[in-house]
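Trainee: Pasting a structure below so you can have a look.
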Amino acid sequence: MENSRPKKPLPSGLTKNTYLLAIASFFADISTEMLYPVLPIFLSQIVKNPAGYVGIIEGIATGAAYVIQGFSGWFSDLIGQRKLIALFGYALSAITKPFIGVAASWPQVLAGRTFERLGAGIRSAPRDGLIAQSADEKNRGKAFGLEGIGDNLGAVIGPLFAAFLIY
């Protein structure tokens, strides 16, 4: 079982774990958001499928993530291993993203995208539990805000970075 007491805070009132989770969210979001702008082009120009398949792929992948998210939170509480489950989710997303780029058909893109989103669903609730566990009550909002900054900043930088690479 993981320690349920908050770790020793840094001068900011937040813990090292909180900063590490924000950094992980930042980089995970950069890589995820790099996919969104190029997926329709990839499907229509490279894989030679209608760009409308993006809606089907995103709907199935996002739905799968939402279904697994509730289960992963419950399971991480049950076994008391939030960090292990969150790491598994981050790893699953990171490992499956390259498979989208080498896909030769839309079902392969669907599989890659679904597993990538499943990783996001698996990590979300345990990550939030880790953030709550890593901050005392007085700094919990600040801890979630920092993670949100990492997540949202990654969502802005990811598409910009993808555009830069394509250019």
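The values are calculated or read from the model by the stated rules, or taken from the named source; none is laboratory data. Everything numeric in this text was worked out from a predicted model, so none of it was measured. Here Cβ is always computed from backbone atoms with ideal geometry, including for glycine, and neighbour counts include all displayed protein chains. Calculation scope for accessible area: heavy atoms of the full protein, side chains included, ligands and nucleic acids excluded. Shrake-Rupley method; radii C 1.70, N 1.55, O 1.52, S 1.80 Å.
Trainee: May I ask you to verify whether Gly158 is surrounded by 19 or more Cβ atoms within 10 Å (Cβ to Cβ) and either assigned to a loop (DSSP other than H, G, I, E, B) or touching an Asp or Glu at 6+ places or on another chain (Cβ under 8 Å) (or both)?
Mentor: So Gly158 passes the test.
Trainee: Take the residues in segment 80-117 that are polar (S, T, N, Q) and in contact (Cβ under 8 Å) with a residue 24 or more places away in the chain; name whichever of them is farthest from Gly52 (Cα to Cα).
Mentor: By that ranking, first place goes to Gln81.
Trainee: Please count how many residues of segment 74-89 are open to solvent by less than 10 Å² (accessible area, probe 1.4 Å) and either under 13 Å from Ala120 (Cα atoms) or in contact with a Phe, Trp or Tyr (Cβ under 8 Å, 6 or more places away or on another chain) (or both).
Mentor: 2
Trainee: How do the helices (runs of 4 or more DSSP H) wholly within segment 1-103 filter down when requiring 2 or more residues that are modelled with pLDDT of 95 or more and over 20 Å from Ser134 (Cβ atoms): which remain?
Mentor: Hits in segment 1-103: 53-79, 82-101.
Trainee: Determine the pairs where a residue that is open to solvent by 50 Å² or more (accessible area, probe 1.4 Å), located within segment 47-69, has a partner that is modelled with pLDDT under 95 and among the aromatic types (Phe, Trp, Tyr) with Cβ atoms under 6 Å apart, the partner being 6 or more residues away or on another chain.
Mentor: Pairs found: Tyr53/Trp106.
Trainee: Additional query: Checking Pro50 against (1) under 12 Å from the mean Cα position of the chain (by Cα); (2) over 15 Å from Ala120 (Cα atoms): exactly one of these is not met. Which one?
Mentor: Against the list (1) under 12 Å from the mean Cα position of the chain (by Cα); (2) over 15 Å from Ala120 (Cα atoms), Pro50 comes up short only on (1).
Trainee: Give the residue that is farthest from Asn17 (Cα to Cα), with candidates limited to residues of segment 116-133 that are among the hydrophobic types (A, V, I, L, M, F, W, C) and out of contact with any Lys or Arg (no Cβ under 9 Å at 6 or more places or on another chain).
Mentor: Leu118
Trainee: Does any residue in segment 125-149 that is within 10 Å of Gly13 (Cβ to Cβ) come within less than 8 Å, Cβ to Cβ, of a residue that is of a type in the set (Lys, Arg) six or more places away or on a different chain, and which pairs are these?
Mentor: Ala135/Lys142
Trainee: Being out of contact with any strand residue (DSSP E or B) (no Cβ under 8 Å at 6 or more places or on another chain), in a helix (DSSP H, G or I) and buried (at least 19 other Cβ atoms within 10 Å of the Cβ): is that true of Lys142 here?
Mentor: no
Trainee: Identify all residues within segment 104-117 that are of a type outside the set (S, T, N, Q), part of a helix (DSSP H, G or I) and open to solvent by 20 Å² or more (accessible area, probe 1.4 Å); write none if there are none.
Mentor: Scanning segment 104-117 gives Trp106, Pro107, Leu110, Ala111, Phe115, Arg117.
Trainee: Oh, and also: Going by the structure shown, is Ala120 surrounded by 18 or more Cβ atoms within 10 Å (Cβ to Cβ) and touching a residue at least 60 places away in the same chain (Cβ under 8 Å)?
Mentor: Yes, satisfied.
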